[in-house]
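**Student:** Attaching a single structure in structure tokens format; questions to follow.
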Amino acid sequence: MSMVNITIDGKPVQVPEGTTVLEAAKQVGIDIPTLCYLKGVNEIGACRMCLVEIKGAKALQAACVYPVAEGNEIYTASPVVKEARRINLELLLSNHKRECLTCVRNKNCELQTLAEELNITDLEFEGEKCDLPLDETSPSLVRDPQKCIACRRCVAACRNIQKIGVIDAVNRGFTTTISPAFGLGLGEVACVNCGQCLVACPVGAITEQSSIRQVWNAIADPDKVVLVQTAPAVRAAIGEEFGMPIGTAATKQMVGAMLGLGFDKVFDTDTAADLTILEEGTELLQRLQNGGKLPLITSCSPGWIKYCEHYYPDFLDNLSSCKSPHEMFGAVLKTYYAEKNNIDPSKIVTVSIMPCTAKKFEAKRPELGDKGLQDVDYVLTTRELAKMIREARIEFTKCEGEFESPFGPASGAGVIFGATGGVMEAALRTVADILTGQDLQDIEYHDVRGLQGIKEASVKVGDLEVKLAVAHGLGNASALLDKIRAGEAEYHFVEIMACPGGCVNGGGQPIQPARIRNWVNIPQLRGQALYEEDRNLPIRKSHKNPVIMKNLYEDWLGEPGSEQAHHLLHTTYTARDKF
Amino acid sequence: MSKRRTVDITDQQLKAINDIIDKYKDMQGALIPTLHDVQEYFGYLPIEVQKIVSEGLGIPLAEIYGVVTFYTQFSTQPKGQYTVSVCLGTACYVKGSGKILEKFEEILGIKAGEVTDDGMFGIEACRCVGACGLAPVAMINGEVYGRLVQADVQGICDKYMNE
Ligand code: SF4
Ligand code: SF4
Ligand code: SF4
Ligand code: FES
């Protein structure tokens, strides 16, 4: 590719032809404000916040989409540029429902940040406000059209990354809003609750359905035993909410802080991930040996499950019947744990801290419960947990704590569940040992790690050549399923996660603004934190987890795949309408 | 969102719509010509029809709805026998055409963009019709009514109801 020479604010820089002004400026340390631009997701030049002056050009240009050409002389902070940006921002603000003090995105809002950075101290005009009501039809997400600035980042995340497209821009001009078709609510269309739209949104126009109040109430109720569990990916990101660098594993601080919140017990979902591996590994072996439906596809990601139900119902029989790990754990807590500790199960409140908004919907599925009790009562996102910790004025970074027995510590296999390829790798560690009858030492399956959209591998376990595929992000999942459907590829075992990068990049995770997200590989850093934790654990295989093997199987469930295990730990799926 | 009538699509209609889809399917930018022809055939584009187009072209329903609501040539409602167009251009608006629109909505029991259940009246808000001298202005199937006050509206509606 040929290089071009340009100057930005007088600084000479050489970049490949076709580089955008924004990227070129970044290279020389010049920070151009943006709002609608999300690298690789939404590159449509719509908001005009990133305007720059290019000598000789008639109009100001949007830096996020304008490709540089040889000899360009670019000015990013001239008076005309600053004035144009200021007017654009004031227009946006003038019809925005400005209520920062009581907004869920207060202090983490790109619009608010820009208003401060561009030194907007007064608005000369008050625009007409949108009067569309809140959309609260979804059990996972809430949309507030009055805060939407129509940047379309959510639309792009849903349509281009997830290849779903249940939200889009409707109407035109001033009345443009972002909404599902025919003014329906998100809960009334084939949305899978993944929350990728939410983490893409620069403002408070899409948020989670919060359960913070209900959880505080349960904690305050002396009659209730509140048992909380945290998913693997939460520890890899929650530190970001408290100023720790992206990619810090903050396990100790997190557990310590949670004990401070007043939960009765703090457990690790990773333990249940180990349990999942034993159940799912058994299922895989059975299907391989008895000619069951293949490929077996993982079922841990509720966004993926709902996607399959809506868009690929012909694959429902391929899904593992295993409940997702936190649901298994919920069922164990309300049966085994209740019995062992003489607690009336109806007094137990199970809370799951998840990197995921789809889990909020999942927890409400009628099939995920027994005897009138839901396995999991409340799901909080990583962000909601952080809010509770701040509300309790706990100094997160100074906390220390350990997950509680009898369910800790989990194996390293359980920890890596949070990254794409992790479930596959964890299952392989166990299945390979079972098939070979050995305690294999070579347990890192690097072919299934990393952020390539679809990963394929063929692994020899014992005499068996097992063909694997891993997809993350539903756009990739769709491409993979189309291939399988068309008979162009055959696999034995497939892992699918709804979110790009896996749970570490889930819709419930801390929101990093575009100015970070555009330049830092967040899923990779968070994933590394999990792989590192795995490497440092003494037990790295699920079937070596003594709690699972001794307490749960020997004393209670019998064997993996037993009738009792099926009753409590497995579930069923329903085909749903595509619209 | 107001209450939505469900529309039954006959097999014959389904086939005709699918034929139109097949005609454009493999072409770049198939959506707009498809919607155009389907509307010409069906008269308007209710959700049931948009779903068929979505399925046929493999384009998400929300995107199709976005396009339908973006271009004024498309309509999600059947046209009424009489279309009341109230001008909301600046001159009319300043002279109170908003109130006139409200009166029409109140008397006919529908909102702008909707059609009465008997299919007789539809109401549209429109941009300047070039009769600013007569502001505020409404038109019914091309017939212009100017310098309106709210009290005129009932009489105008009656005239068409009795026709
Ligand atoms: S979305 Fe941002 S600017 Fe709007 S009220 Fe919330 S914090 Fe303030
Ligand atoms: S939650 Fe996922 S499927 Fe639903 S609108 Fe957002 S991105 Fe689309
Ligand atoms: S909901 Fe958020 S991401 Fe979507 S268009 Fe509105 S402001 Fe942008
Ligand atoms: S137009 Fe460049 S960031 Fe929106």
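**Student:** Among the residues of region A:157-166, is any within 14 Å of chain B (Cβ to nearest Cβ), more than 10 Å from ligand 3 (Cβ to nearest atom), out of contact with any strand residue (DSSP E or B) (no Cβ under 8 Å at 6 or more places or on another chain) and on the phi > 0 side of the Ramachandran plot?
**Tutor:** yes
**Student:** Let me ask something else about it. Taking A:Gly71 as meeting all but one of (1) within 16 Å of ligand 1 (Cβ to nearest atom); (2) surrounded by fewer than 18 Cβ atoms within 10 Å (Cβ to Cβ), write down the number of the exception.
**Tutor:** (1)
**Student:** Looking at A:Thr113, A:Thr76, which is the one that is away from chain B (no Cβ under 14 Å), within 12 Å of ligand 1 (Cβ to nearest atom) and in contact with a helix residue (DSSP H, G or I) (Cβ under 9 Å, 6 or more places away or on another chain)?
**Tutor:** It is A:Thr113.
**Student:** Those residues that are within 15 Å of ligand 3 (Cβ to nearest atom), over 25 Å from A:Pro180 (Cα atoms) and in contact with a Leu (Cβ under 8 Å, 6 or more places away or on another chain), I need them from region A:101-118; list them, please.
**Tutor:** A:Leu114, A:Ala115
**Student:** In addition: If A:Asp144 meets every condition in (1) more than 8 Å from every other protein chain (Cβ to nearest Cβ); (2) in contact (Cβ under 8 Å) with a residue 60 or more places away in the chain; (3) away from ligand 1 (no atom under 16 Å from the Cβ) apart from one, which number is that one?
**Tutor:** All conditions are met except number (3).
**Student:** Quick check on region A:144-171: of everything there that is assigned to a loop (DSSP other than H, G, I, E, B) and more than 12 Å from ligand 2 (Cβ to nearest atom), which residue is surrounded by the most Cβ atoms within 10 Å (Cβ to Cβ)? Steps first, please.
**Tutor:** Taking region A:144-171 first, the residues assigned to a loop (DSSP other than H, G, I, E, B) are A:144, A:148-152, A:162-167, A:171.
Subset that is more than 12 Å from ligand 2 (Cβ to nearest atom): A:144, A:148-152, A:171.
Working: A:Asp144: 20, A:Cys148: 23, A:Ile149: 21, A:Ala150: 17, A:Cys151: 28, A:Arg152: 23, A:Asn171: 13.
Among them, the one singled out is A:Cys151.
**Student:** For residues that are under 14 Å from A:Pro232 (Cα atoms) and surrounded by 18 or more Cβ atoms within 10 Å (Cβ to Cβ), tally how many sit in region A:408-459. So that I can check it myself, show each step before the final result.
**Tutor:** Let us first name the residues in region A:408-459 that are under 14 Å from A:Pro232 (Cα atoms), namely A:408-423, A:426.
Remaining after also requiring surrounded by 18 or more Cβ atoms within 10 Å (Cβ to Cβ): A:409-423, A:426.
Residues flagged as under 14 Å from A:Pro232 (Cα atoms) and surrounded by 18 or more Cβ atoms within 10 Å (Cβ to Cβ) within region A:408-459 amount to 16.
**Student:** Identify all residues within region A:103-123 that are under 29 Å from A:Ser210 (Cβ atoms) and within 16 Å of ligand 4 (Cβ to nearest atom); write none if there are none.
**Tutor:** A:Cys109, A:Glu110, A:Leu111, A:Thr113, A:Leu114, A:Ala115, A:Glu117
**Student:** Looking at region A:119-141, is at least one residue away from ligand 3 (no atom under 12 Å from the Cβ), small (Gly, Ala, Ser), in contact with a strand residue (DSSP E or B) (Cβ under 7 Å, 6 or more places away or on another chain) and within 12 Å of another protein chain (Cβ to nearest Cβ)? Reasoning before the result, please.
**Tutor:** Keep residues of region A:119-141 that are away from ligand 3 (no atom under 12 Å from the Cβ), which gives A:119-129, A:131, A:133-134, A:136-140.
Still in the list and also small (Gly, Ala, Ser): A:127, A:138, A:140.
Right, trim to in contact with a strand residue (DSSP E or B) (Cβ under 7 Å, 6 or more places away or on another chain) and you get A:140.
Those still in the list that are within 12 Å of another protein chain (Cβ to nearest Cβ) too: none.
The answer is no, given that none of the residues of region A:119-141 is away from ligand 3 (no atom under 12 Å from the Cβ), small (Gly, Ala, Ser), in contact with a strand residue (DSSP E or B) (Cβ under 7 Å, 6 or more places away or on another chain) and within 12 Å of another protein chain (Cβ to nearest Cβ).
**Student:** Right, another one. Every residue in region A:173-188 that is in a loop (DSSP other than H, G, I, E, B) and within 15 Å of ligand 3 (Cβ to nearest atom), please.
**Tutor:** Passing the criteria: A:Thr176, A:Pro180, A:Gly185.
Conditions (1) under 30 Å from B:Pro46 (Cβ atoms); (2) assigned by TED's automatic domain parsing to the domain that holds B:Gly96; (3) surrounded by fewer than 18 Cβ atoms within 10 Å (Cβ to Cβ); (4) free of Cβ contacts under 8 Å to residues at least 24 places away in the same chain, marked per residue:
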{"site": "B:Gly109", "(1), (2), (3), (4)": "yes, yes, yes, yes"}
{"site": "B:Gly119", "(1), (2), (3), (4)": "yes, yes, yes, no"}
{"site": "B:Cys128", "(1), (2), (3), (4)": "yes, yes, yes, no"}
{"site": "B:Glu143", "(1), (2), (3), (4)": "yes, yes, yes, yes"}
{"site": "B:Arg147", "(1), (2), (3), (4)": "no, yes, yes, yes"}
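**Student:** Taking region B:33-76, which residues are surrounded by 19 or more Cβ atoms within 10 Å (Cβ to Cβ), aromatic (Phe, Trp, Tyr) and within 7 Å of another protein chain (Cβ to nearest Cβ)?
**Tutor:** B:Tyr65
**Student:** With respect to A:Arg540, determine if the residue is away from ligand 3 (no atom under 16 Å from the Cβ) and away from chain B (no Cβ under 14 Å).
**Tutor:** When the stated conditions are applied, A:Arg540 passes them.
**Student:** Yes or no: region A:203-221 includes at least one residue that is among the β-branched types (Val, Ile, Thr), more than 14 Å from ligand 3 (Cβ to nearest atom), buried (at least 22 other Cβ atoms within 10 Å of the Cβ) and within 14 Å of chain B (Cβ to nearest Cβ).
**Tutor:** Taking region A:203-221 first, the residues among the β-branched types (Val, Ile, Thr) are A:203, A:206-207, A:212, A:215, A:219.
Checking the rest, the ones that are also more than 14 Å from ligand 3 (Cβ to nearest atom) come to A:212, A:215, A:219.
Subset that is buried (at least 22 other Cβ atoms within 10 Å of the Cβ): A:215.
When the remaining residues are screened for being within 14 Å of chain B (Cβ to nearest Cβ), the result is none.
Within region A:203-221, none of the residues are among the β-branched types (Val, Ile, Thr), more than 14 Å from ligand 3 (Cβ to nearest atom), buried (at least 22 other Cβ atoms within 10 Å of the Cβ) and within 14 Å of chain B (Cβ to nearest Cβ).
**Student:** I'm checking my understanding of the structure. Among residues of region A:172-197 that are small (Gly, Ala, Ser) and more than 10 Å from every other protein chain (Cβ to nearest Cβ), which one is farthest from A:Trp304 (Cα to Cα)?
**Tutor:** Going through region A:172-197, the residues small (Gly, Ala, Ser) turn out to be A:173, A:179, A:181, A:183, A:185, A:187, A:190, A:195.
Checking which are more than 10 Å from every other protein chain (Cβ to nearest Cβ) leaves us with A:187, A:195.
On the way: A:Gly187: 16, A:Gly195: 12 Å.
Filtering region A:172-197 for residues that are small (Gly, Ala, Ser) and more than 10 Å from every other protein chain (Cβ to nearest Cβ), the one farthest from A:Trp304 (Cα to Cα) comes out as A:Gly187.
The values are calculated or read from the model by the stated rules, or taken from the named source; none is laboratory data. Keep in mind it's a predicted model, so treat the numbers as computed, not measured. FYI the Cβ positions are ideal-geometry reconstructions off the backbone, even for glycines, and counts take in every protein chain you see.
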